[in-house]
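To start, the structure under review is shown below, and the notes come after it.
Throughout, read-outs are computed from the coordinates displayed, never taken from laboratory work. Bear in mind that the values here come from a model prediction, so they are computed numbers and not experimental data. Using ideal geometry, Cβ is built from the backbone for each residue, glycine included, and neighbour counts are taken over all protein chains shown.
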Amino acid sequence: MTQPVRVAILFSARGSNMQRLAHHLAKPSVGGEFVLAITNRPAAGGIEFCKAQGVPCAVIDHEDYETRAGFEAEMQKALDKAQVDLICAAGFMRLLTADFVTRWHDRIINIHPSLLPAYKGLNTHARVLADGGKEHGCSVHYMRAEMDDGPIILQKRVPVHGKDTADTLSARVLKLEHIAYPEAIKQIALKSGF
Ligand code: GAR
């Protein structure tokens with residue numbers, strides 16, 4: 001029998017996508033195992049969830065490191081120790097260097113709240129509204145050195161309503177994110193046979 005793929009999830013705050021992925025990976029039919037969470041924020045809400053689930057969560061505060069390389073070396077150490085195969089960034093609000101992303105080429109994926117390549121970066125919901133966009137959504141993609149760039153695994157779309165605020169739109173997209181990320185993992189699993 002093949003070994004389960006060992007998954008790490010990176011998050012920075014609430015961690016709702018991390019929690020959805022955790023539930024997905026806990027299903028016996030899924031050949032992946034959530035072996036490590038990493039957050040760069042000591043006050044991240046998602047840490048409590050990891051404690052409750054008994055998932056090791058490494059708190060690696062980027063502010064403790066003078067350089068991005070130093071911060072990432074500490075992450076790499078934790079990833080190596082946990083023998084991680086696949087990294088899922090889920091609301092991880094820290095840019096990763098080209099070195100790190102290249103080392104994890106096609107083994108690091110990300111979820112972003114827009115229909116990439118549109119609206120890379122922050123405040124996507126407010127920017128869609130300001131532009132009078134009629135459609136919005138989320139993307140799961142392989143990470144590349146450029147921010148919010150890389151081959152798309154899947155996208156999900158929502159209509160933008162006339163009365164939407166950034167908050168209502170964000171809530172509608174987040175619901176879809178919670179469906180999209182587990183689906184993306186299923187696709188990768190089918191492709192790579194885990
Ligand atoms: C999610 O909407 C995620 O797509 C976004 O941060 C939020 C995290 O929510 N990520 C990015 O903007 C990355 N570019 P969560 O902590 O509840 O999963």
Worksheet item: Hull surface divided by four, with the convex hull built on the Cα atoms of the stretch 1-55: how many nm²?
Response: 3.6
Worksheet item: Residue-wise, which Karplus ³J(HN,Hα) couplings in Hz belong to the stretch 30-35, taking 6.51 cos²θ - 1.76 cosθ + 1.60, θ = phi - 60°, and x for glycine or proline?
Response: 9, x, x, 10, 7, 9
Worksheet item: Taking N as the number of residues in the stretch 52-105, what value does Rg over Cα atoms divided by 2.2 N^0.38 Å take?
Response: 1.16
Worksheet, complete the sentence: Karplus-derived 3J(HN,Hα) from phi for the stretch 88-104 (6.51 cos²θ - 1.76 cosθ + 1.60, θ = phi - 60°), whole Hz, x at Gly and Pro, runs 10, 7, 9, x, 8, 9, 9, 6, 9, 6, 4, 4, 5, 5, 5, 4, 9
Discussion item. If packing is taken as the average number of other Cβ atoms within 10 Å across a peptide's residues, how do 91-99, 158-166 rank, most packed first?
Written reply: 91-99, 158-166
Response to the item:
Given 24-37, 51-64, the highest-first ranking by average Cβ count within 10 Å works out to 24-37, 51-64
Practice prompt. For the stretch 136-186, evaluate the Debye formula with one uniform point scatterer on each Cα (no solvent term) and list log10 I(q)/I(0) at q = 0.20, 0.21 Å⁻¹, rounded to two decimals.
Written response: -0.72, -0.77
Fill in: Those Cys residues of the chain for which no other cysteine Cβ falls under 4.7 Å
88, 138
Discussion item. Report the Cα centroid-to-centroid distance between the stretch 130-154 and the stretch 72-103 in angstrom, as an integer.
Written reply: 20
Worksheet item: residue 121: net charge of surrounding residues, Cβ under 9 Å, Lys/Arg +1, Asp/Glu -1, itself excluded?
Response: +1
Worksheet item: Using only the Cα atoms, what convex hull volume per residue in Å³ does the stretch 7-113 have?
Response: 100
Worksheet item: Listed highest first by mean packing, meaning other Cβ atoms within 10 Å per residue, what order do 4-15, 183-194 come in?
Response: 4-15, 183-194
Worksheet item: Per residue Cα convex hull volume for the chain, in cubic angstrom?
Response: 120
